[in-house]
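The values are calculated or read from the model by the stated rules, or taken from the named source; none is laboratory data. What you see is a predicted model, and the numbers here were worked out from it, not measured in a lab. Glycine also receives a Cβ, built like all others from the backbone with ideal geometry; neighbour counts cover every protein chain displayed. Please note that ligands, DNA and RNA were not included when accessible areas were found on the heavy atoms of the full protein model with its side chains. Shrake-Rupley method; radii C 1.70, N 1.55, O 1.52, S 1.80 Å.
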Amino acid sequence: MGLKVGVIGAGAWGTALAHLMTDKSDDISIWAYEPEVTEEINERHENLTYFPGIELPPSLRATSNLAECLEGRELVLSVVPSHVVRDVLSQALEHLPSGVPIVSASKGIENDSLMTMSEVFEDVLPIVYHPMLAFLSGPSFAREVGQRFPTAVSVAARFEKVATAVQEMVSGPA
């Protein structure tokens, strides 16, 4: 059922978005830097470290391997803290599928360069990926999204077609 989604980042916000995407798909993979977070999600169906108290469906699979997380994905959400976006994206690059939307949901700017996330993405990724980049922005709170409280966010992209496609992919009743 649904899209094959890869979520890079298993903090509270990444876990909330991955959890939300399980309403649309039973093929969601989430990458966690910490092996213990991977284990918590896969064995206890809860992210006790960053998102305690929210039961996650068994169909949400966690991995600490970026290649495994991204293989065959039709949508990629990047939800790592802004200060590690450049490093994680550089590591993910060789595994990123081409021709699919890549959505940044990271908040903030890069500490050292003061670049926005869109600037970091365009700096790290080859130009072939740029037309498919989109950026999700709040106001939103991970816990409220995880609990399915009504939330409105915006999706921005260079091309309206990409923004509309991403909007359809991530929208739902809440």
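Find the residue count for region 140-174, including only residues that are more than 18 Å from Val7 (Cβ to Cβ), basic (Lys, Arg) and in a loop (DSSP other than H, G, I, E, B).
The qualifying residues number 1.
Right, Thr15: out of contact with any Leu (no Cβ under 9 Å at 6 or more places or on another chain), at pLDDT 95 or above and among the polar types (S, T, N, Q) or not?
When the stated conditions are applied, Thr15 does not pass them.
Six or more apart or on different chains, Cβ under 7 Å: which pairs go from a residue in region 88-99 that's over 12 Å from Ala67 (Cα atoms) and free of Cβ contacts under 8 Å to residues at least 24 places away in the same chain to one that's of a type outside the set (Lys, Arg) and outside any loop (DSSP other than H, G, I, E, B)? Could you list them?
Here the result reads none, with nothing in region 88-99 linked to a residue that is of a type outside the set (Lys, Arg) and outside any loop (DSSP other than H, G, I, E, B).
Return yes or no: is Ser118 farther than 24 Å from Asn47 by Cβ, surrounded by fewer than 13 Cβ atoms within 10 Å (Cβ to Cβ) and of a type in the set (Ser, Thr, Tyr)?
no
For region 1-91, which helices (runs of 4 or more DSSP H) that fit wholly inside it have 3 or more residues that are open to solvent by 10 Å² or more (accessible area, probe 1.4 Å) and out of contact with any helix residue (DSSP H, G or I) (no Cβ under 9 Å at 6 or more places or on another chain)?
Counting at least 3 such residues, we get 35-39.
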